[in-house]
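The values are calculated or read from the model by the stated rules, or taken from the named source; none is laboratory data. Predicted, not measured: the structure shown is a model, and the values here were computed from it. Heads up, the Cβs are rebuilt from the backbone with ideal geometry, glycines too, and the neighbour counts pull from every protein chain shown. Note: areas computed on protein heavy atoms with side chains; ligands, DNA, RNA excluded. Shrake-Rupley method; radii C 1.70, N 1.55, O 1.52, S 1.80 Å.
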Amino acid sequence: MLISCGSDDNSTERFITDPRDGQQYKWSDFNGTAWLTEDLQFNGKATYTFYEALSACPEGWELATSEDWKALAKNSGGYYFYETTVGDPKEGFTNLVDASGFNATSDANYWTATPAWEESFTIRSAFVGFFPADYGGIGNPPAVVVGPNLKSFSMRCRCVKKDAANTGAFEFQSGNTSYDFSDYFNYSETNGVLTIHAYHLDGANDEEWIQLTINLDDFLADGGQTASGHLRYIVTEELSEFSNSTKTFIAEELELSITDYNTDHIEGTFSCILVESGNNSSDTIPVTNGTFSVTLGN
């Protein structure tokens, strides 16, 4: 349920009520994105692992991505990202913790829905930290810092209003087994490359997910129905704070066809042989009848 009052400026208090537990949250618009201006407290829980965070937001809202946080921090002053300084991270800290009504918690970390980087996305995701003092020599505190952390860690969450257009489905079939990775879905489109992340959240297998990268420029340049791409299938068998046991399958002989593409929508089919990327491994998964669809939010 959404209760709205007053105008659309940030000084106006607007509220949502989470129907799951009756918790009420304030929200405001920041540069065109609707943010909860309170930390998530689903069933009284203040911190979440990465996979808990993915499905913790109220209906109609979703875990903010790294790009959501970067845009917010940049427009609020600045942030640190690895060794790169964007704007004034101290000003970003001050505005988001105190001055803007965003009410970030000082000396706290927040999960994002974005994998940390290509090589480590099986065990790490990007987070945002609000550091009032020195933290491992990162930046010049106080500051907003964007970086990677283990998905098993517990952190706070902030939700953004879900774009109704940011939807999709991803599934494939191997033998008599069907795999559906559409429970939690996000994507990004940068410089003609579409990257789809499709998670399967069912408690016991929350660590299984898919990443598909499609070069749309190839598709548009050819004027046909094929495009180049990469597919990665992750099975995390065990994840602890200091170690993980995962199987990562990379697609070989990937045949990717786009059956429908316009500025609002893309869908297609694929087949491949998924080969475990570990040394001396012979595990393979033949994929048939693979399908994907994305409703683009541009």
Check segment 8-18 and report whether any residue there is modelled with pLDDT of 90 or more, open to solvent by 20 Å² or more (accessible area, probe 1.4 Å) and over 27 Å from residue 126 (Cα atoms). yes
Condition first: out of contact with any strand residue (DSSP E or B) (no Cβ under 6 Å at 6 or more places or on another chain) and either more than 15 Å from residue 128 (Cα to Cα) or aromatic (Phe, Trp, Tyr) (or both). Now tell me which residues in segment 81-90 satisfy that. 82
Exception for residue 84 within (1) surrounded by 21 or more Cβ atoms within 10 Å (Cβ to Cβ); (2) without any contact (Cβ under 8 Å) to a residue 12 or more places away in the chain; (3) not acidic (Asp, Glu) falls at (1)
Condition check for residue 246: open to solvent by 30 Å² or more (accessible area, probe 1.4 Å), within 21 Å of the chain's Cα centre (by Cα), within 27 Å of residue 51 (Cβ to Cβ) and at pLDDT below 85: yes
Among the residues in segment 102-113, are any in a strand (DSSP E or B), at pLDDT below 90 and either of a type in the set (Ser, Thr, Tyr) or within 19 Å of residue 64 (Cβ to Cβ) (or both)? yes
Scanning segment 210-236 for residues that are among the aromatic types (Phe, Trp, Tyr) and at pLDDT 80 or above gives 233
The residue from 170, 181 that alone is of a type in the set (A, V, I, L, M, F, W, C) and more than 13 Å from residue 266 (Cα to Cα) is 181
Looking only at residues that are open to solvent by 30 Å² or more (accessible area, probe 1.4 Å) and at pLDDT below 90 in segment 62-76, which one is nearest to residue 112 (Cα to Cα)? 65
For segment 26-38, what are the residues that are open to solvent by 20 Å² or more (accessible area, probe 1.4 Å), closer than 15 Å to residue 96 by Cβ and assigned to a loop (DSSP other than H, G, I, E, B)? 31, 38
Of all the residues that make up segment 144-164, how many are within 12 Å of residue 63 (Cβ to Cβ) and open to solvent by less than 10 Å² (accessible area, probe 1.4 Å)? 5
Of the criteria (1) in contact with a helix residue (DSSP H, G or I) (Cβ under 6 Å, 6 or more places away or on another chain); (2) modelled with pLDDT of 85 or more, which one residue 252 fails: (1)
Would you say residue 46 is under 21 Å from residue 131 (Cβ atoms), at pLDDT 95 or above and small (Gly, Ala, Ser)? yes
Considering only residues of segment 53-87 that are among the polar types (S, T, N, Q) and in a loop (DSSP other than H, G, I, E, B), which is nearest to residue 196 (Cα to Cα)? 65
Test residue 120 against the stated conditions and say whether it is of a type in the set (Gly, Ala, Ser) and at pLDDT below 90. yes
Segment 262-292, subset under 23 Å from the mean Cα position of the chain (by Cα), modelled with pLDDT of 85 or more and open to solvent by 30 Å² or more (accessible area, probe 1.4 Å), residue farthest from residue 228 (Cα to Cα): 265
